[in-house]
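What follows draws every value from the coordinates through simple rules; no lab data is involved. For clarity, every value in this text was computed on a predicted model and none was experimentally measured. Cβ sites come from the backbone with ideal geometry, for glycine too, and all protein chains shown count toward neighbours.
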């Protein structure tokens, strides 16, 4: 009996019956990963090249001290970029995160003496959650323009930061609070652990969770998403609330490191976060992006700023250099995403929720979502 089974198996093999090949399957998966994250890989290579070229002029660029400074400076910006990404994937924008950053810092610092570390952190997170909830309600429920709504909260939170701190910085002397940033998990600094955990959570949500698919569907074509039964208002509300929470967490991490809360600490950070997301390959029109894109974009922005400092260039040129990089990233986006019907592909991806191999489409023209897209 066993001999007959072996003969049949041998006959099917000789006839060209498909056989499982682990190496072929692994190669196919690697190919899918490379296609999915091709832009992020290019940006990561650019980061390495910038550091290598900088080290020729300034050998200290690759020193442990400088690399640690880059990682420490990049961590809050990466977290801000994660929040901005969640909003931009839906086709919106959040200009308030810089002011949330400032207000959270002074509120948290002011709350530490009377409420302890835990109470102060909760107060700080409440600032971001409250502002984000307001943004999400106005954009998602009242259907107001994201630019206008978040510009309002940008102004309000920025002024409240001056009111709370009376225009002065607030020192933070609690060593327990400093441990939020300065602690280590084994040899790894805790702020790197925060970034990695958030990276994994957000990317898995994009790829595997229904909520992540909803974000992309809303950003691709909100009207079609609504017809599919997606609660578009709730999705936007959640996206802006999470953006505010992440902005507050980034501020708490920053003042734990600096041991000081400045009323102007968040000035310009919203633009840096938007720059990081765009540089990483996300679309300003929604429906495109990954957590890795926000990560590598934020790291590249930080590396560029660090290079400007090391080369002794006037820091006022930081914005000019960053602006040039954004322009280059947008031009590259137009080239790499020039063809295809993205609205149809994103909806096919959403409806294919049962497929284990389904992934967010990365090619095609960014959706208009009611706004004129690039030609």
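Some points to look at:
- Shown is the FRET efficiency for residue 234 and residue 60, computed with R0 = 56 Å from the Cβ-Cβ distance and rounded to the nearest 0.05: 0.65.
- Residues in the stretch 164-182 reached by a label modelled at residue 118 [backbone nitrogen below 19 Å; 7 Å Cα→Cβ]: 174-181
- Per-pair calculated FRET efficiency, R0 = 30 Å: residue 310 and residue 193 via Cβ, rounded to 0.05: 0.65
- Peptides 104-116, 194-206, ordered by how many other C-beta atoms sit within 10 Å of their residues on average, highest first, read 104-116, 194-206.
- Sequence ranges 64-76, 307-319, 120-132, ranked by mean other-Cβ count within 10 angstrom, highest first: 120-132, 64-76, 307-319
- Residues 190, 93, 100, arranged from fewest to most other Cβ atoms within 10 angstrom of their Cβ, appear as 190, 93, 100.
- Taking the stretch 161-317 and dividing mean pair separation by its residue count, relative contact order in percent (alpha carbons under 8 Å, at least six apart): 27 percent
- Cβ crowding within 10 Å, taken as a proxy for footprinting-reagent exposure, orders 228, 185, 77 from fewest neighbours to most as 185, 228, 77.
- Potential extension, residue 155-residue 67 segment - 0.36 nm per residue separation minus Cα distance: 28.2 nm
- Of the residues 191, 37, the one with the fewest other Cβ atoms within 10 Å heads the list, and the complete ranking is 37, 191.
- Stokes-Einstein translational diffusion, the stretch 44-118 - Kirkwood Rh over all Cα pairs, 1.002 mPa s, 20 °C, in µm²/s: 138 µm²/s
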